[in-house]
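The values are calculated or read from the model by the stated rules, or taken from the named source; none is laboratory data. Please read these numbers as outputs of a predicted model, since none were measured by experiment. Cβ coordinates were reconstructed from backbone atoms using ideal geometry, including for glycine residues, and neighbour counts include every protein chain displayed. Protein only, heavy atoms only, side chains kept; ligands, DNA and RNA dropped before computing areas. Shrake-Rupley method; radii C 1.70, N 1.55, O 1.52, S 1.80 Å.
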Amino acid sequence: MISDNKRFNLGYLPHRAFLGHPDSVAVIDLAAGAAGVITYRELERRLERFAAAVSMLGLEPGSRVALLIGNRSEYLIALYGSLRAGLCPVMVNTRLGLKGLQESLEEIEAQVAIVDPACNESGLEAARDVPHRIILGGIQSGWQEFAEFLESATDSFEPPTFSSLSAAELCFTSGSTGRPKAVVLSHRGTLLKLHLYANEHRAMRGESLCALIHLPIFHANARLSAGVAFETGGRVVIQQRFDPRQTLENIAKYRVNYFLNVAPAYVAMLQQEDLLQSLDLSSLRFPLVGSAPSGGDMLKRAEAAMRVRIMHTYGSTEAGTVLQHRLDDDAPLSSCGRPLSGNEIKLIDPVTGLSGNAGELWIRNEWLALGYWRRPAETAAKFVDGWYRSGDLFERDSRGHFYFRGRVDDMFNVGGEKVYPAEVEGLLQRHPMVQAASVVPVAHDSKGEVPVAMVISVRPNSVSAQELKDFCLAHGPAYAHPRAILFVDAFPLAATGKIDRNQVRAAVLAAMQVK
């Protein structure tokens, strides 16, 4: 029997699996070799020790613990161990420079910083003034080594009593645009959504999940993968970083069945034709794509190459997963599927404020974020009467399938005509020789702004820029055709795995100037 102070504490998410099958494998940390295979029994021991050790620091409940850790098992230990102790772990973007790291730590007023210098050595300098500092894999004056910190406490820990509606964790996010801000998630909300997601997958396949984490673990999708796996009593395989070949090999080797990916990563995996033909990827049951718009034609090619159905999904840190394909659904891959159970949604026209079949997606569910950390004005603007305003534009067809059409703030004006990057990307990706496209606006003397594109072709030199311009002119409005096209092997990516549109714009502009 699990007591209430454990049942409603997110830090005890793996505890039920420990009670049911303690010697099953919970985590496989690929960077740690044989030592990286951790059973639920050992995971429980480490979580209890961390919770006990961090509790001995004498911190106030809800004190922030900044995690600047790469993809390794210690991240999960620090995350769930801090939660057990009633503290508030903060997922810091480890790919930021020194200034960005300092701003993040100052904003949350971190009381503890756990830094992995191997993923970003600037974290040591950024956390210099944090009261309690813990380092992974090294010795530093004024810092306590992680393993020694873990072993400084006992295996037994009694969690504090607190409201399940209190802040559990802070997740830095910038959404699609804007300065990063910390989203506040509650214990109750996160536990509820993980429970619902796990039940959704159990209903489809009736099996525990083996999830591969290859995206940065501070990213919401990576932690979602770990959380759903623990909720089903499954395994989490941690890969240090995304590499298309290593990812495919690990799916086959560890019989991964749950794989939450981003579109650019699928594009990179598609280029590994030899592995796609030789590897056994039949374990895949839940290959998902999310975090950013994905072209249906690219996903069809990925499905054919991997011999599995890929399910589109849409969500946000603030609202969780909202839309998703089902295995028994005939939703087109260009859509994001239908609403998952527990979500109430509406589409609001940004101009008229009326509800209909097209407009900004508003979301209401029981696990919405509590708001943004110490940003009341932004919280009030995005969370309205129990609804979350996503800032994303969608259309709903007659069968209830939802299609992403762009960001409310992404729209640009071409000679008086409204253009959204997503519509031009979709047009380009209809060409059989285009694998993926990213479109951004650039300034124009007479039109105000015009679209330009970065394109990954199916094969090198299989299509020219002029051919693609002609294709867009023939199949779409003339004002929306890309004025310049730059072919690349891979898109520049932000730390979250999304396409970095600022780098896209800079690269295309540089290519235009060269010509």
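As an equivalent ellipsoid, region 153-270 spans semi-axes of 27, 20, 15 angstrom, where each value is the square root of five times an eigenvalue of the C-alpha gyration tensor, largest first.
Scaling the Cα radius of gyration of the chain by the globular reference 2.2 N^0.38 Å produces a ratio of 0.98.
Region 327-380 and region 384-418 have their alpha-carbon centroids 10 Å apart.
Return one number: the angle in degrees, 0 to 90 and rounded to the nearest 10, between the long axis of the Cα atoms of helix 296-306 and the longest principal axis of the Cα atoms of the chain. Around 60 degrees separate the two axes.
Only aspartates and glutamates eight or more places from residue 418 in sequence, or on another chain, were considered; those with a Cα closer than 20 Å are 349, 360, 392, 395, 409, 410, 445, 449.
Cross-link partners for residue 346 among the lysines, with Cα-Cα distance under 21 Å and sequence neighbours closer than 8 places in the same chain left out: 193, 382. If the Kirkwood radius is taken over C-alpha pairs of region 71-118, then at 20 °C and 1.002 mPa s the Stokes-Einstein diffusion coefficient equals 183 µm²/s. Of the listed pairs 6/181; 181/447; 99/498; 447/498, which have alpha-carbon separations greater than 25 Å here? Going by Cα-Cα distance, 6/181; 181/447; 447/498 fall outside the 25 Å limit. The long axis of helix 465-475 is offset from the longest Cα principal axis of the chain by roughly 80 degrees. Amide H contacts of residue 434 (H built 1.01 Å from N, in plane; Pro and chain starts excluded): 458 sit under 5 Å, all sequence-distant by 5 or more or on other chains. The charge dipole of the chain, taken about the Cα centre with unit charges on the Cβ atoms of Lys, Arg (+1) and Asp, Glu (-1), comes to about 580 debye, rounded to the nearest 20. Output the 0 to 90 degree angle, nearest 10, between the alpha-carbon long axis of helix 40-55 and the longest principal axis computed from the alpha carbons of the chain. The angle comes out at about 80 degrees. Mean residue ellipticity at 222 nm, helices only, the chain: -9500 deg cm²/dmol; runs of at least 4 DSSP H residues each add -39,500 (n - 2.57), and the sum is divided by the number of residues.
Each residue of region 345-356 is assigned a 3J(HN,Hα), and the resulting list reads 9, 8, 10, 10, 5, x, 8, 8, x, 8, 8, x Hz, derived from the Karplus form 6.51 cos²θ - 1.76 cosθ + 1.60 (θ = phi - 60°), x at Gly and Pro. Modelled spin labels at residue 144 and residue 483, positioned 7 Å past Cα toward Cβ, are 5.9 nm from each other. Annotation: per residue accessible area for the chain equals 41 Å², rounded to a whole number [probe 1.4 Å, protein chains only]. Taking one quarter of the surface of the convex hull spanned by the alpha-carbon atoms of region 377-515 gives a direction-averaged projected area of 11.3 nm². The calculated FRET efficiency for residue 461 paired with residue 502, based on their beta-carbon distance and R0 = 22 Å, is about 0.20.
If you roll a 1.4 angstrom probe over the protein chains with everything in place, what fraction of the accessible area of the chain belongs to carbon and sulfur, to the nearest %? Carbon and sulfur atoms account for 50 percent of the accessible area of the chain. Can you tell me what share of the DSSP beta bridges in the chain is antiparallel? A percent to the nearest 5 is fine. Of the beta bridges lying entirely in the chain, close to 60 percent run antiparallel.
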